[in-house]
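Okay, structure first, notes after.
The values are calculated or read from the model by the stated rules, or taken from the named source; none is laboratory data. What you see is a predicted model; the values in this text were computed from it and never measured. Backbone-built Cβ (ideal geometry, glycine too); neighbour counts: all protein chains shown. Heads up: the accessible areas ignore ligands, DNA and RNA and are worked out on the full protein's heavy atoms, side chains in. Shrake-Rupley method; radii C 1.70, N 1.55, O 1.52, S 1.80 Å.
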Amino acid sequence: MAPSSLEAARSVLSRQFGYADFRPGQEAVVAAVLGGRDALAVMPTGAGKSICYQVPAVVLDGLTVVVSPLVSLMADQVRALKEAGIRGAYLNSTLTPAQQAEVLARARSGAYDLMYVAPERLADPRFTAFAAEASIPFVAVDEAHCVSQWGQDFRPSYLAIGDFIAALPARPVVAALTATATERVRADIVRLLGLRDPALTVTGFDRPNLRFAVERCEPKRKDARLDAFIDERRAESGIVYCSKRACVEEVCAHLRERGIAATRYHAGLSPEERQRNQRAFVADDAPVMVATNAFGMGIDKSNVSYVVHYNMPGSVEAYYQEAGRAGRDGAPAECLLLWCDGDIATGRFFIEQESANEALTAEESEVVRAGRRRMLEAMVGYCYTTDCLRRYLLRYFGEDGESGEDGKGGEGGEGPASDPRCCSNCAGEMEAVDVTAEARAVMRCVHELRGRFGKTMVVDVLRGADTEAIRSRGLNRAASYGSCDAKRPLLMEVVELLAAGDYLTITEGTYPVVCAGGRYREAARDDFSLCMKRTASKAKRGAAVRSAGAAGVAALTASDEALFERLRALRKRLADEAEVPPYVVFPNTTLTAMAQARPATAAEFLAVPGIGEKKLATYGEPFLAEIAAFQAEAGA
Ligand code: ADP
């Protein structure tokens, strides 16, 4: 590729978007596309996939088509582009046929650099007729995993994209973008979209500004825990994910009763209400969103400071995607997962229910179920691990956590010199307790019972319980009967922990049984060991939390803070006037930098990260005036 086009791309990045540098991965994708090569970009949510197609769209002559399933988001995305001085449009079913015709007429006259198109439109004869004559140098497919039946969000309409591209008079460069990590889905994307020798870019799944925390919490204590968590963050915006609609209703009502401006989102609400609530959240009118996993795909609200999971989700993919909606502006953010045994049971139940997919044969369904079971166990493993949570997540996505550490086993416990800002395990909020002896007893018992009984029976036999169920089956004569005097909840947890580590399998169904897992034999080896997480003593925990808090606070002085609040109020006013979400005006990171740098001239204003010429032209005056007024008052 001519170096000049990458130079042009850099200039677009800084002039129009106001960013000094590409983020990791972005430059590789942009360079591939501008060099005429297809690209497959695997980047986690929030990594900045949009730039990968928006920048080439401006540099390339002709119209860039962006296929996206996120219809409800397109209007906002186009508005944000306009803010950056980029000519965008969208085409989806929210427009009337007359409006669609108008968009296409304008596109014909070369009015746009970029057009978002819902996949269903690609089959619309009016659009194909337009595309047959238009100059389309580049097609970007966002959320490309939707083309795969193995992904979580398969959309049949995505299967038409390959044909659409093949039917264009000149084959465009094609880029596929996704946050999904599995090999199988990636292979489907390449095959079904017909990518030609794509440049593969996989970028850091690490999100250094996110702090992870896991807490085991009995159902009746969850509300109190949530209250305490939110009370410490009253000024901030966050999302609370629940696994069921009814739970969303309860939690949302509970928060409102406590005077918190919460709103809700789930598939049981009318489309109007969903849209209204989403807007209220994005506009910061309702800073707390309580929702099922139906909420959030493609929501670009950058100032979400925390994501709480009120229940354990069904996979690490789902968890990381949802948790990843926090801190997209790069500011420190918190991801808290509250879980209880019931959540695991619910997860297993969901897997069983889900098998009723008519499109699959019984055999295929079983393959899918087995896959989901493995995904669930990995999620349970995250809840139980005593290792660094971040490292656990990164390993899951195929990235090894920091070098030097011995990766084997993963249940090592206290990491050396760990940073409390990293996660609750590194902060020592949890202590590792060695339960190897108990685990061996459980394994022997499961072996002896030949995988015919459930968790309760296994634990009862180990503890030598005198029950009718045991006597009637003669299990009181088993060798492992009464072989372990540990407390009942501890043994229950050891069984789950062994299942999470794939030493045991717990089947789903009406009568779940505990039987051998894939690593069954490994548990019999001499070097086998198992640790369990316990809440650390109060004193230790308090110290850890305090140091985490101190380290996590952004380095704003009290005076910076006061200015920040004024700038934030100004942003809200301007955003409401322009009917755009506040982060479209400026993200929090830009406001923070502004409060610290206190620019007095246009040139100084431009030097603030996130501010380009277009933003200077639109917002320079009011913000510079506000800063000047603040400085004058402070000086007076
Ligand atoms: P994704 O689609 O990968 O989830 P987005 O494209 O929505 O992520 O980008 C996430 C955030 O990162 C946005 O707020 C965007 O403005 C910001 N961003 C993207 N690229 C850059 C960059 N090069 N420098 C600074 N911020 C960026």
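Number of residues in region 570-615 that are surrounded by fewer than 19 Cβ atoms within 10 Å (Cβ to Cβ) and either away from the ligand (no atom under 16 Å from the Cβ) or of a type in the set (D, E, K, R) (or both): the value is 17.
For residue 225, which of the numbered conditions (1) in contact with a Cys (Cβ under 7 Å, 6 or more places away or on another chain); (2) assigned by TED's automatic domain parsing to the domain that holds residue 319; (3) surrounded by 20 or more Cβ atoms within 10 Å (Cβ to Cβ) fails to hold? Only one criterion is unmet by residue 225, namely (3). For residues in region 444-458 being surrounded by fewer than 23 Cβ atoms within 10 Å (Cβ to Cβ) and in a helix (DSSP H, G or I), which is nearest to the chain's Cα centre (by Cα)? Checking each candidate, the answer is 455.
Yes or no, residue by residue, for (1) closer than 30 Å to residue 145 by Cα; (2) assigned to a helix (DSSP H, G or I); (3) not assigned by TED's automatic domain parsing to the domain that holds residue 71:
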position: 230; (1), (2), (3): no, yes, yes
position: 234; (1), (2), (3): no, no, yes
position: 251; (1), (2), (3): no, yes, yes
position: 278; (1), (2), (3): yes, yes, yes
position: 286; (1), (2), (3): no, no, yes
position: 289; (1), (2), (3): yes, no, yes
position: 306; (1), (2), (3): yes, no, yes
position: 317; (1), (2), (3): yes, yes, yes
position: 322; (1), (2), (3): yes, yes, yes
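All of 39, 20, 28, 9 fail the test of being on the phi < 0 side of the Ramachandran plot, small (Gly, Ala, Ser) and at pLDDT below 90, apart from 20.
In this structure, does residue 186 turn out to be surrounded by 15 or more Cβ atoms within 10 Å (Cβ to Cβ), assigned by TED's automatic domain parsing to the domain that holds residue 53 and under 27 Å from the mean Cα position of the chain (by Cα)? So residue 186 fits the description; yes. Please state which one of 12, 78 is farther than 19 Å from residue 300 by Cα and in contact (Cβ under 8 Å) with a residue 24 or more places away in the chain. Going through 12, 78 in turn, just one is farther than 19 Å from residue 300 by Cα and in contact (Cβ under 8 Å) with a residue 24 or more places away in the chain: 12. When every residue of region 402-417 is checked against the conditions, at least one turns out to be of a type in the set (A, V, I, L, M, F, W, C) and either open to solvent by 50 Å² or more (accessible area, probe 1.4 Å) or modelled with pLDDT of 90 or more (or both).
Condition check ((1) basic (Lys, Arg); (2) open to solvent by 40 Å² or more (accessible area, probe 1.4 Å); (3) within 33 Å of the chain's Cα centre (by Cα)) across all residues:
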{"position": "485", "(1), (2), (3)": "no, yes, no"}
{"position": "495", "(1), (2), (3)": "no, no, yes"}
{"position": "500", "(1), (2), (3)": "no, no, yes"}
{"position": "512", "(1), (2), (3)": "no, yes, yes"}
{"position": "517", "(1), (2), (3)": "no, no, yes"}
{"position": "524", "(1), (2), (3)": "no, yes, no"}
{"position": "527", "(1), (2), (3)": "no, yes, no"}
{"position": "531", "(1), (2), (3)": "no, no, yes"}
{"position": "534", "(1), (2), (3)": "yes, yes, yes"}
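Which residue is nearest to the ligand (Cβ to nearest atom), if the candidates are limited to region 84-95 and must be open to solvent by 20 Å² or more (accessible area, probe 1.4 Å) and modelled with pLDDT under 95? Among those that are open to solvent by 20 Å² or more (accessible area, probe 1.4 Å) and modelled with pLDDT under 95, it is 85.
Among the conditions (1) at pLDDT 95 or above; (2) within 14 Å of the ligand (Cβ to nearest atom), the only one that residue 49 does not satisfy is (1). Take region 299-317 and flag every residue that is within 16 Å of the ligand (Cβ to nearest atom) and open to solvent by 20 Å² or more (accessible area, probe 1.4 Å). Residues satisfying the conditions are 300, 305, 317.
In region 419-432 there is no residue that is over 28 Å from the mean Cα position of the chain (by Cα), without any contact (Cβ under 8 Å) to a residue 60 or more places away in the chain and open to solvent by 20 Å² or more (accessible area, probe 1.4 Å).
Take the residues in region 168-188 that are within 16 Å of the ligand (Cβ to nearest atom) and not small (Gly, Ala, Ser); name whichever of them is farthest from residue 69 (Cα to Cα).
180
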